[in-house]
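Written below as structure tokens is the structure these notes are about.
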Amino acid sequence: MGKYIIEGGRGLYGSLTIKGAKNSVLTLLAASILTPEKVVLHGCPDIGDVAVMLRILRKLGCKVERTGDIVEIDSSGLHSYKIACDPAKELRSSVFMLGSLLSRLKRAKAVYPGGCDIGLRPIDIHLAGLRELGVTVGERHGHIDCDGTNAEPADIMLDLPSVGATENLMMACVFLNGVSILRNCAKEPEIVDLQNFLNAMGAKVRGAGGSVITVEGVKRLHGVEYTPIPDRIVAGTWAIGAVMCGGKLTLENVIPEHLSSLLAKLPKSSCKIYPRDGKITIESKGRPRAVPKTETMYYPGFPTDLQAQMTALQSVSDGTAVIVENIFETRFRSAVELCKMGANITVSGNTAVVRGVPELYGSRVVATDLRGGASLVLAAAAASGRSEIDEIHHIDRGYEDLAAILPQVGVDIKRE
Ligand code: EPZ
């Protein structure tokens, strides 16, 4: 499974270019089967989750080609509505295929999805929404079997603003005969990206980014060439790294507005931030001061996907910080690993109290999930001495090979 070896203690200097957002690309890949015509996606990161999604599409009968960061999907040969078990078990976004398969083939069959072990991660809101549309949904032996033959538009209230459920239902409504209304929707930028993608294919979707989305059914969708939004979570990860490690780091190809809740949290006392068209520069001004409280919230609140990285930053900040994880049940697993590096973190339920220490020391630690693993890379880069991070396949799911990328900004990192 491989490990990273990192000699820490050096600042981050130079620039990194951010690729397309994992959590947009995965959804757009699911949406690509809504047309039998060719779909071309630019800026696709070479990461594990995208590779799994491409495998799922191939097993459904799609022709998929990757040339560098460009992925081409031709689903004219789509011959199955049964999402392959093995890859689906690895990936949460396999469940997003339910909506697009139902729209294309009126049928869809999947296993309960996999993904990071950060909580229960039910799909009840997805399935309740599909049932509201008149889809019959059978759940037996861990399989979900959907029949959308009699699906009709509906006015649906989501129990909570679930990103995946919002996206799944947007895709399930595109060909229904009339207008569907989705209420209490997630407002993440990736939802807006999906709306823009669908409309570029000829759909009539309105309201993404707000809590009410309307989908007016159309007869068909046509092919498209599209560039997904940049990955705000990868950008946020390296912005936090620049404050933790010191240095001056420029991030190219970012949308600063997508990071506003993080930028508001990075302590003005210890870093200067220069957001300008399409890029952000973060210049460290010394040891960061602790941020008294950070609560993860639905967008535009502080993103849960940056919570582990923020916890790592607070572990070396001056003072005490409280971090509350409101979205997922068990997303503090990497705190245990940070403590092996000298961090002083007490976790109780969904709250972590972090008493900052002047410096972490290198240790052997284990990545437990995608963002937790990324937080260990930041901690190891900031720590004094050598660290080894095992189980880095978790990190590979959402970050391109860091042993190729981070040396560009001065990090001493090798992959074994
Ligand atoms: C998406 O997951 C992202 N994944 C996650 O990113 C991200 O953390 C999450 O949104 C929240 O922003 C992708 O887009 C592939 P949710 P998703 O449905 O859609 C509960 C990463 O690191 N819920 O918004 O699965 C759920 O348990 C990953 O890149 C239900 O109760 O998240 C959670 O508590 C991790 N029933 C909350 O809603 C449902 O049917 C938010 O989940 C669905 C969700």
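The values are calculated or read from the model by the stated rules, or taken from the named source; none is laboratory data. All values reported here derive from a predicted model rather than from experimental measurement. Ligands, DNA and RNA are excluded from the accessible area calculation, which covers all protein heavy atoms including side chains. Shrake-Rupley method; radii C 1.70, N 1.55, O 1.52, S 1.80 Å.
Pairs of alpha carbons in segment 69-152 separated by more than 15 Å make up 59% of all such pairs.
Please compute the per residue accessible area over segment 88-194 with all protein chains in place, 1.4 Å probe, rounded to a whole number of Å².
Details: 4000 Å² over 107 residues.
Roughly 37 Å² per residue, with all protein chains present.
Placing one equal scatterer on every Cα of the chain and applying the Debye formula, the log10 ratio I(q)/I(0) at q = 0.09, 0.11 Å⁻¹ is -0.54, -0.79. To put it simply, the accessible area of segment 60-209 at a 1.4 Å probe is 49 percent carbon and sulfur. Taking the longest Cα principal axis of the chain as reference, the axis of helix 48-59 is set at about 20 degrees. For segment 200-215, 3J(HN,Hα) computed residue by residue from phi via the Karplus equation (6.51, -1.76, 1.60; θ = phi - 60°) reads 5, 8, x, 7, 10, 10, 9, x, 4, x, x, 8, 10, 10, 10, 10 Hz, glycine and proline entered as x.
When DSSP assigns beta bridges and you keep just the ones with both residues in the chain, what percent turn out antiparallel, to the nearest 5?
Details: 57 of 80 bridges.
Among the beta bridges of the chain, antiparallel pairing accounts for roughly 70 percent.
Normalised per residue, the accessible area of segment 306-383 is 30 Å², obtained with a 1.4 Å probe and no contribution from ligands, DNA or RNA. Short to long, the 5 Å bins of the Cα pair-distance histogram for segment 170-281 hold 2, 11, 18, 16, 13, 11, 10, 8, 6, 3, 1, 0 percent of all pairs.
Between their Cα atoms, which of Lys3/Lys279; Lys187/Lys293; Lys19/Lys59; Lys19/Lys63 are more than 29 Å away from each other? Please list the in-between numbers first.
Values: Lys3/Lys279 31 Å; Lys187/Lys293 23 Å; Lys19/Lys59 26 Å; Lys19/Lys63 23 Å.
The pairs that break the limit, which is 29 Å between Cα atoms, are Lys3/Lys279.
Counting only DSSP beta bridges with both residues in segment 300-416, what percent are antiparallel, rounded to the nearest 5? List each step's numbers first, then the result.
On the way: 10 of 14 bridges.
Counting DSSP beta bridges with both partners in segment 300-416, the antiparallel share is about 70 percent.
In the chain, the longest principal axis of the Cα atoms and the axis of helix 22-31 are about 10 degrees apart. Taking square-rooted eigenvalues a ≥ b ≥ c of the alpha carbon gyration tensor, is segment 258-358 rounded, prolate or oblate, where a/c under 1.5 means rounded and, failing that, a/b exceeding b/c means prolate? Since a/c reaches 1.5 but b/c is at least a/b, the shape of segment 258-358 is classed as oblate.
Antiparallel beta bridges, as assigned by DSSP with both residues in segment 288-364, represent about 65 percent of the total such bridges.
Average the reciprocal distances over every distinct pair of alpha-carbons in segment 300-416, invert the result, and give the Kirkwood radius in Å. Intermediate values should be presented prior to the final figure.
Details: mean 1/r = 0.0702 Å⁻¹.
Its Kirkwood hydrodynamic radius stands at 14.3 Å.
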